[in-house]
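Just so it is clear, none of the values below were taken in a lab; they were calculated from the coordinates. None of these values were measured; they are calculated from a predicted model. In this analysis, Cβ positions are derived from the backbone assuming ideal geometry, glycine residues included, and neighbour counts consider all displayed protein chains.
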Amino acid sequence: MPENSTDTPTTAPATDTQVTRLSVNINAETAAKLRWYKDHKGISITETVRRAVALLDLVERETANGSEVLLKSRDGKSVRQLWMV
């Protein structure tokens with residue numbers, strides 16, 4: 001876990017029904033992007049972070065298994081490969 005984050009569970013090992021409270025330090029640009037997505041989708045910041053983590057998990061698992069993540073333009077004329085570092 002990065003140096004600037006803390007993981008303080010409100011209860012011992014989290015399950016789907018338990019809540020874990022996290023405190024993280026992010027820069028202003030990242031915070032603005034999270035707020036924009038939250039407002040755009042009309043969801044809570046907690047749900048925004050949950051979706052971001054779920055997407056990251058999906059991409060990491062798929063690429064670890066040899067899959068490629070591709071982004072295709074709306075018109076289908078352009079395809080880009082997503083690289084995670």
Query raised in the report: Which order, highest average first, do 46-53, 72-79, 22-29 follow once you tally other Cβ atoms within 10 Å for each residue and take the mean per peptide?
Result: 46-53, 22-29, 72-79
Query raised in the report: Dimensions of segment 30-85 along principal axes (Cα, Å, largest first)?
Result: 32, 29, 16
